Amino acid sequence: MSFTEKMLTLPWYKKLTALRLLKDLTQEAIAGELGIHLDTYRRWESGKHYPGRLARRTLARYHQVTEIEVFGGANPNRKTRKDVLAWLKLLKE
């Protein structure tokens with residue numbers, strides 16, 4: 001499997017780490033270059049928080065890749081209607 005193919009199989013937050021390391025940057029350095037708080041970047045890279053639309057666009061441009069290549073087509077943390085209905089059902093029980 002090529003490097004590119006392997007990158008495409010990684011979760012989005014692991015891709016952020018790999019892209020940062022390819023530029024030989026620390027988390028502190030990339031957060032500074034992007035003008036964001038270090039804790040914010042760390043949460044993204046750990047997968048704890050999903051970047052908003054503008055942040056995803058900025059990250060992709062910074063790394064010279066497309067948003068789709070890094071983040072895919074959908075927010076993995078977004079709750080679907082099915083998730084919400086299941087949660088409401090649990091609350092009623």
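A few points about this structure:
- Among the residues of region 52-72, those that are assigned to a loop (DSSP other than H, G, I, E, B) and free of Cβ contacts under 8 Å to residues at least 12 places away in the same chain comprise 52, 64, 66.
- Of all residues in region 1-21, those that are open to solvent by 50 Å² or more (accessible area, probe 1.4 Å) have Cβ atoms under 7 Å from Cβ atoms of residues that are part of a helix (DSSP H, G or I) and not aliphatic (A, V, I, L, M), 6 or more apart or on another chain, in 13/44; 13/45; 13/46.
- The residues in region 1-45 that are farther than 18 Å from residue 71 by Cα and assigned to a loop (DSSP other than H, G, I, E, B) can be counted, and the count is 9.
- Matching residues in region 58-84 - criterion: being at pLDDT below 75 and loosely packed, with under 10 Cβ neighbours inside 10 Å: 73, 74, 77, 78, 80, 81, 82
- Selection of first residues in region 32-50 that are open to solvent by 40 Å² or more (accessible area, probe 1.4 Å) and of second residues that are aromatic (Phe, Trp, Tyr) and assigned to a helix (DSSP H, G or I), restricted to Cβ pairs under 7 Å at least 6 apart or on distinct chains, gives the following pairs, ordered by first then second residue: 46/13.
The values are calculated or read from the model by the stated rules, or taken from the named source; none is laboratory data. Everything numeric here is computed off the predicted structure, so don't read it as measured data. Methodologically, a virtual Cβ is constructed for each residue, glycine included, from the backbone with ideal geometry; neighbour enumeration extends over all protein chains shown. The accessibility values were calculated without ligands, DNA or RNA, using every heavy atom of the protein model including side chains. Shrake-Rupley method; radii C 1.70, N 1.55, O 1.52, S 1.80 Å.
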